[in-house]
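The values are calculated or read from the model by the stated rules, or taken from the named source; none is laboratory data. In this text the structure is predicted, and so the values were computed from the model without any measurement. Heads up, the Cβs are rebuilt from the backbone with ideal geometry, glycines too, and the neighbour counts pull from every protein chain shown. Protein only, heavy atoms only, side chains kept; ligands, DNA and RNA dropped before computing areas. Shrake-Rupley method; radii C 1.70, N 1.55, O 1.52, S 1.80 Å.
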Amino acid sequence: MPKADHSLIEPRAAARMTGLVLTLGFLFGEQLYAQGAEDLSPHSEAQLVAEVRAIAPGEPFTAALRLVMDEGWHSYWVNPGDAGTPASIEWSLPRGFEVGPIQWPYPERIEVPPLMSYGYFNEVLLLVEITPPADLALDMPVALEAGAYWLVCSDICLPAEQQLRLVLPVAEAAEPDDRWTGSFTATRDRLPVSVEGWDIRAERTSTGYRLSIIPLGEETAWEGDPYYFPRDEAVVSPSAPQAVSRRGSHLLLSLQESSYSSGPATRLEGVLLAPQGEAWDKDGRVRALAVDVAVTEPAGGDALQAGSGTGNLTLAVALVFALIGGSLLNLMPCVFPVLSIKVLGFVNQAGEDRFKAGAHGVAFAIGVVLSFLALAGVILLLRSGGSRLGWGFQLQSPAFVAAVAILLFALALNLMGLFEVGTVLTRLGGRVAQPQSYVDSLSSGVLATLIATPCTAPFMGTALGFALTQPMLQTLLVFGALGLGMAIPYVVVSASPALLRLLPKPGAWMETTRQLLAFPLFGTVIWLVWVFARQTGVNGAAHLLTALMMLAFATWVLGRWKAQLIDARTRLVSRAVVLVALGLAVGLAARGTRAEAAAAGSTQWQPFSQELVQQLRAAGQPVFIDFTAAWCLSCQVNEQVVLASRVIEDAFVEHNVATLKADWTRFDPVITSALESFGRSGVPLYVFYPADLARSPVVLPTILTKRGVLDVLQDVASSDLQAPAAAAITR
Amino acid sequence: MLPRSFSILPPAVLILGLALTAAELQAQGDGPEIGEQAPKFTLGDTYGKQHALEDYEGQWVVLEWLNYECPYVGKHYNSGNMQRLQESFAEKGVKWLAIVSSAPGKQGYHEPQEMNRLSAEKGSKALAVLLDPDGVVGKMYGAKTTPQMILIDPAGTLLYNGAIDDKPSSRPSSLEGAHNYLVAALEEAMSGKPVSTPTSKPYGCSVKYKN
């Protein structure tokens with residue numbers, strides 16, 4: 001409402017005008033308030049700010065569109081990701097002024113599966129360089145005007161706009177405006193820059209692009225992985241995972257092409273963000289490395305990852321390569337145990353008639369080829385759904401890795417003689433002299449393929465690279481040929497009595513060999529658990545290992561109380577125990593695949609240092625320190641049950657408590673002396689410092705309870721409130 | 001009881017593992033590729049009628065991802081742009097199916113009756129509004145935003161997948177002079193020409209999938 005008493009217009013006229021304004025508003029309401037909301041910039045505010053208090057003629061200065069968003073709301077980067085729109089500025093500047101493009105600080109990843117967006121929370125400055133004309137008059141202040149348009153989103157999105165104006169005086173020399181210096185500096189730190197000492201190359205692959213990040217100087221020992229933000233939309237898929245591999249000192253980032261791309265890009269432009277806590281330069285300042293490189297076609301030789309470069313390969317050549325590659329696969333380390341086990345099977349078959357041995361060879365071959373076709377089928381199926389996959393894709397799934405690990409572990413235990421079940425495993429070991437069924441032979445073919453998939457043999461890569469870019473029939477043919485190639489040696493051996501005769505006679509050595517062969521299988525299991533740990537974290541791996549232990553227990557029960565030697569009641573009980581143990585094993589493995597999400601709470605724990613404690617307290621924040629170690633079981637229980645609980649996390653937030661973690665998993669002299677200062681020589685230890693520097697810290701009990709922690713937080717925080725002035729004075 | 005024979009285990013692990021992997025990766029899919037067969041689906045509409053993509057074999061089909069509360073969708077509906085498109089496509093015999101992949105409780109999801117009321121209020125001329133509360137079809141087609149448009153030819157081939165036009169903005173003024181990719185694709189395809197822009201990055205609100 002206009003305030004009539006401050007106005008020159010008399011009250012009645014003011015009322016009439018109000019009516020007019022309302023009418024106009026109503027008429028234009030549809031356009032003005034597309035959202036039907038009164039606020040044109042919901043959940044956010046925009047402002048024009050400049051780094052200078054006054055500008056000088058002809059002297060470029062930096063201004064910014066400053067967006068401040070409500071908590072939980074975000075706006076977007078220049079490439080918004082899967083959805084969203086970047087902010088835009090429509091300038092109306094006085095004559096002669098020139099304005100540069102927006103300089104975007106690097107964004108945050110905003111993941112809402114299956115979508116990924118890139119944007120900013122809380123506050124962002126979008127920097128723009130403005131150059132005033134050289135003949136600008138000194139006495140007249142200049143008005144910079146702009147319309148800002150942005151999208152602000154939380155779980156829903158609202159378009160926002162604001163008309164902005166910034167008036168700056170003109171002086172002989174520009175004067176910095178210290179109100180904004182900090183914000184501008186912080187923003188510049190987030191702008192991607194080039195850093196010497198890095199060579200970035202981009203290569204085309206069958207599924208998109210590969211960025212090679214090559215340190216020219218000393219190697220880095222980063223724990224995390226860098227992330228690539230593609231600047232252009234519709235080039236790299238934002239939601240596809242960026243697989244990172246290391247080859248010597250090179251970091252290789254696999255980027256999947258966007259399904260909306262209009263063709264292969266010739267350049268990749270974007271930002272490489274260093275992993276948390278790392279930087280690209282020696283001073284540790286630059287976290288965002290600017291990338292702008294030409295995309296090259298890969299040079300041959302590495303056709304597996306590259307894929308193209310096989311363009312002029314014909315189907316016939318690819319099939320030959322597949323056959324050779326498939327048979328070479330048998331010599332790769334991952335298949336070798338199977339090969340050896342299979343040879344033992346041949347030794348047993350040597351006594352059988354020629355036709356039967358050959359037929360088993362063929363059944364085995366069918367098993368291998370069918371499994372290869374099944375792999376190809378899934379690849380094709382997923383390709384029709386838009387995913388682009390390569391060889392060994394199934395190992396990207398933790399569930400698959402866990403299943404294979406369990407299977408191989410069971411097989412290894414069986415080879416060790418811990419238990420005997422049914423046929424195929426013992427058959428593989430060639431122990432029982434009963435006739436082998438063809439189904440068993442077929443099944444061992446499937447097993448061989450399962451174990452083979454993590455490996456690639458020479459020639460195979462080229463054939464696969466070709467297959468994955470071809471229509472359905474060709475893909476199936478090449479995969480079939482790979483399987484055939486892998487099975488050929490077995491078929492040949494089993495069909496040839498001359499070769500079988502070369503093998504040693506069955507005897508005690510077979511039992512020894514059989515047990516010995518369990519070890520390469522245990523090795524494979526270790527590798528699979530390692531892969532699983534990389535995918536799901538250390539907690540997931542612990543789950544899988546526990547699952548393996550339950551499996552070992554189940555097989556031990558089976559072997560200890562053998563079916564033939566026990567009465568009906570023992571049989572019932574022991575087999576029930578086996579079922580429960582196996583059920584637990586499967587359940588644990590399944591939980592392990594989802595372990596990571598469950599492990600972390602939402603509290604941000606900063607690494608502990610004495611200086612940080614002082615700083616935080618000086619700034620008026622109480623500090624909670626968790627002295628912990630991965631190997632300390634009671635620490636883990638306290639963290640999971642109490643500290644990561646919703647109540648405590650909320651209490652930390654409510655009382656504005658800074659949370660620090662002193663991780664003593666490895667020896668650390670700083671933490672050791674801190675522990676000593678509290679008279680402790682080990683973890684766990686929980687210490688709560690009031691913000692008031694004059695007051696002494698509270699040590700919490702070793703076994704935490706939610707109630708106990710809440711009481712301490714309450715007491716200390718409320719007494720902090722009573723003496724804030726004292727806190728300020730003491731130091 | 002444990003099976004008498006372990007023979008079924010390796011094939012079982014292979015099949016189960018592949019199925020799990022397939023399901024996992026399917027969910028991350030970026031949608032089908034242009035020129036390939038459009039993935040089959042069956043969804044119920046707001047009147048309880050089932051629509052299978054096969055039902056429309058031999059006909060042109062448009063899929064429109066819809067969320068009435070999304071300001072970008074609002075731009076096309078409040079201006080009458082979308083309804084005009086729906087009408088002109090219907091005249092050419094194109095079957096227009098709007099799909100709502102919003103999960104219950106999320107923006108854009110409504111009970112069928114409310115959805116019908118909204119469609120009537122907006123004057124939607126879509127043949128049907130299909131409900132995909134689990135997001136299965138949305139993820140199958142890699143739907144990222146509302147609106148997002150898909151064109152399927154009478155042979156069931158995917159011809160266009162992407163934005164409705166080249167003005168990624170929610171401002172009504174951006175409709176003026178916008179180049180409508182869907183219209184262009186349909187016109188080219190109907191006159192037997194290859195689609196010059198078979199895909200473009202869709203713009204709008206993110207599809208409000210189930211968590």
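Calculated FRET efficiency, A:D232 and B:A19, Cβ-Cβ r, R0 35 Å, to nearest 0.05?
0.45
Taking the highest mean first, how do the peptides A:198-206, A:152-160 order by number of other beta carbon atoms within 10 angstrom per residue?
The most tightly packed comes first, giving A:152-160, A:198-206.
Shielding of B:71-77 by partners, i.e. mean partner chain Cβ atoms within 10 Å per residue?
So the per-residue partner count for this stretch is 3.
Other chains near A:361-373: what is the mean number of their Cβ atoms within 10 Å of each residue's Cβ?
Averaged over the peptide's residues, the number is 1.
With a cut-off of 8 Å between alpha carbons and a minimum separation of six or more residues, what is the relative contact order of the range A:606-730 in percent?
After rounding, I find 33 percent.
What nm distance separates the two modelled labels at A:A294 and A:T570, each placed 7 Å from Cα along Cα→Cβ?
7.9
Percent relative contact order of chain B, based on C-alpha pairs within less than 8 angstrom and at least six residues apart?
Averaging sequence separation for qualifying contacts and normalising by length gives 26 percent for chain B.
Any idea how far apart A:E90 and B:K92 come out in nm if each label point goes 7 Å out from Cα toward Cβ?
3.1
Semi-axes of the equivalent ellipsoid for the range B:31-206, please: Cα gyration tensor eigenvalues, times 5, square-rooted, ordered largest first, whole Å.
Computed over the range B:31-206, the values are 22, 20, 15 Å.
Using a 1.4 angstrom probe on heavy atoms only, work out the carbon and sulfur share of the accessible area of the range A:218-270 in %.
43
Can you work out the FRET efficiency for the pair A:T314 and B:Q83, with r the C-beta to C-beta distance and R0 = 51 Å, to the nearest 0.05?
0.45
Peptides A:174-187, B:113-126, A:254-267: what's the order by average Cβ count within 10 Å, highest mean first?
Ranking, from highest mean packing down: A:254-267, B:113-126, A:174-187.
Using a 7 Å offset from the Cα along the Cα-to-Cβ direction at both A:E218 and A:I102, what is the distance between the two label points in nm, to one decimal?
4.0
Given a 1.4 angstrom probe, I'd like the percentage of the accessible area of the range B:70-109 that is carbon and sulfur, rounded to a whole number.
46
Per-residue mean of other chain beta-carbon atoms within 10 angstrom of the beta-carbon, peptide A:73-84?
Mean inter-chain Cβ contacts per residue within 10 Å come to 3.
Mind checking the full-extension length gain between A:T546 and A:V492? Use 0.36 nm per residue of separation minus the Cα-Cα distance, one decimal, nm.
Taking 0.36 nm per residue and subtracting the Cα distance, the gain is 15.3 nm.
Over both sides of the B-A contact, add up the buried accessible area with a 1.4 Å probe and give it to the nearest 100 Å².
Buried area between the two chains comes out at roughly 4900 Å².
Could you tell me the extents of the range A:606-730's C-alpha atoms along the three principal axes, largest first, rounded to whole Å?
So the three principal-axis extents are 42, 31, 22 Å.
May I ask you to derive the FRET efficiency for A:R165 and B:E121 from their Cβ-Cβ distance with R0 = 30 Å, giving the value to the nearest 0.05?
Efficiency, from the Cβ-Cβ distance: 0.20.
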